[in-house]
Amino acid sequence: MADPFSPPPFKTPRRPSGPGRILLVTLCIAALMVLWQALPRIDAWLSPDRGTPRTVTPRGDLAGDEKATIRLFENARGSVVSISTSQLVEDVWSQNVFSVPRGTGSGIIWDDAGHVLTNYHVIQGASEATIRLADGRKFRAALVGVSPEHDIAVLKIGVAFHRPPPIPIGTSGDLKVGQKVFAIGNPFGLDWTLTTGIVSALDRTLHNDTGGVGVQHLIQTDAAINPGNSGGPLLDSSGRLIGMNTAIYSPSGASAGIGFAVPVDTIMAVVPQLIRAN
């Protein structure tokens with residue numbers, strides 16, 4: 001006869017079987033993942049200041065070199081233009097003549113008479129050229145003269161009022177490798193773009209398509225120069241013209257950090273002759 005006061009026998013709890021254990025672990029992991037994803041929302045809901053605008057941290061004054069670069073660009077921007085060229089094409093069937101866009105480039109206001117400096121290759125083969133000023137005004141340009149061996153062309157526009165300022169002229173014979181330079185132009189149609197770099201080398205020579213000697217005595221720079229920059233100014237830290245951006249070396253066709261500019265000393269020797277000969 002069993003003792004009525006004896007404790008009931010101890011029973012070991014049953015452990016979940018293998019599949020049940022896997023299911024339990026999976027459910028726990030899933031619950032933790034849901035909780036982890038919901039934590040930001042829970043925190044935002046419990047936060048008493050949700051939706052309150054962030055406080056703007058004061059910037060402080062700009063650095064001296066930043067101010068100088070901003071001032072240089074603002075002073076030079078009005079002396080840089082955008083050039084669009086087109087070519088007249090005749091339809092062989094209808095014999096109608098129509099204008100086809102050919103390319104874009106940059107240019108430099110040379111003087112108060114409306115002369116504009118650019119590269120010869122920017123207008124080569126074009127029938128028309130339209131110049132857009134920094135203030136948005138557009139003018140049909142007339143060709144004054146070209147010097148293919150220097151990749152220089154001079155155009156002219158008729159600006160009666162609010163004439164754009166001519167670019168300040170510097171020198172290139174005293175340039176030093178390592179000094180800062182600034183390029184302004186219209187790469188890929190992105191008008192009035194500023195890039196910066198240094199003089200990488202001097203007295204470079206470019207070869208033409210046939211392997212012969214092309215433009216000589218060029219300034220090499222690592223300032224980003226891309227298609228559309230051609231004809232734009234290369235400036236020194238004083239905002240003076242020291243060269244005209246003319247070419248890049250790049251297997252891909254985009255900037256690879258090797259650009260070239262016609263020295264301003266060459267420009268000063270060639271451009272007045274082209275203007276006088278007109």
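The values are calculated or read from the model by the stated rules, or taken from the named source; none is laboratory data. Keep in mind that what you see is a predicted model, and the values were worked out from it rather than measured. Here the Cβ is made from the backbone with ideal geometry for all residues, glycine too, and neighbour counts use every protein chain on show.
Some points to look at:
- Qualifying residue in the range 261-271 (condition: farther than 18 Å from Val177 by Cα and either within 24 Å of the chain's Cα centre (by Cα) or in a strand (DSSP E or B) (or both)): no
- Residues that are within 27 Å of Ala141 (Cα to Cα) and among the hydrophobic types (A, V, I, L, M, F, W, C), drawn from the range 73-92: Phe73, Ala76, Val80, Val81, Ile83, Leu88, Val89
- Members of the range 114-150 that are of a type in the set (Asp, Glu) and either under 18 Å from Gly228 (Cα atoms) or in contact with a strand residue (DSSP E or B) (Cβ under 6 Å, 6 or more places away or on another chain) (or both): Glu128
- Within the range 114-137, the set of residues being assigned to a strand (DSSP E or B) and under 18 Å from Leu234 (Cβ atoms) comprises Val116, Leu117, Thr118.
Results for (1) touching a residue at least 60 places away in the same chain (Cβ under 8 Å); (2) out of contact with any Lys or Arg (no Cβ under 9 Å at 6 or more places or on another chain), shown as yes or no for each residue.
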position: Ser237; (1), (2): yes, no
position: Ile242; (1), (2): yes, yes
position: Asn245; (1), (2): yes, yes
position: Pro251; (1), (2): no, yes
position: Gly259; (1), (2): yes, yes
position: Val262; (1), (2): yes, yes
position: Asp265; (1), (2): yes, yes
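- Residue within the range 244-258 that is under 18 Å from His115 (Cα atoms), hydrophobic (A, V, I, L, M, F, W, C), in contact with a Ser or Thr (Cβ under 7 Å, 6 or more places away or on another chain) and surrounded by fewer than 24 Cβ atoms within 10 Å (Cβ to Cβ) present: no
- Just one of the listed residues (Ile108, Ile157, Ile123) is closer than 23 Å to Asn75 by Cβ and under 23 Å from the mean Cα position of the chain (by Cα), namely Ile108.
- Subset of the range 220-231 that is surrounded by 24 or more Cβ atoms within 10 Å (Cβ to Cβ) and touching a helix residue (DSSP H, G or I) at 6+ places or on another chain (Cβ under 9 Å) - its residue that is nearest to Thr195 (Cα to Cα): Ile225
- Pro19 meets each of the listed conditions (1) under 45 Å from the mean Cα position of the chain (by Cα); (2) modelled with pLDDT under 85 apart from (1).
- Criterion violated by Ser172 - all others in (1) surrounded by fewer than 17 Cβ atoms within 10 Å (Cβ to Cβ); (2) touching a helix residue (DSSP H, G or I) at 6+ places or on another chain (Cβ under 7 Å) satisfied: (1)
- Tallying residues that are farther than 20 Å from Val80 by Cα, touching a Gly at 6+ places or on another chain (Cβ under 6 Å) and either touching a residue at least 12 places away in the same chain (Cβ under 8 Å) or not in a strand (DSSP E or B) (or both) within the range 161-219 yields 3.
- Residues of the range 171-193 classified as farther than 19 Å from Asn119 by Cβ and not hydroxyl-bearing (Ser, Thr, Tyr), total: 8
Yes/no matrix, rows are residues, columns are (1) closer than 27 Å to Lys156 by Cβ; (2) in contact with a Phe, Trp or Tyr (Cβ under 6 Å, 6 or more places away or on another chain); (3) at pLDDT 95 or above:
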{"position": "Leu218", "(1), (2), (3)": "yes, yes, yes"}
{"position": "Gly232", "(1), (2), (3)": "yes, no, yes"}
{"position": "Leu235", "(1), (2), (3)": "yes, yes, yes"}
{"position": "Tyr249", "(1), (2), (3)": "no, no, no"}
{"position": "Pro263", "(1), (2), (3)": "yes, no, yes"}
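- Test: residue in the range 138-153 that is buried (at least 17 other Cβ atoms within 10 Å of the Cβ) and in a helix (DSSP H, G or I): yes
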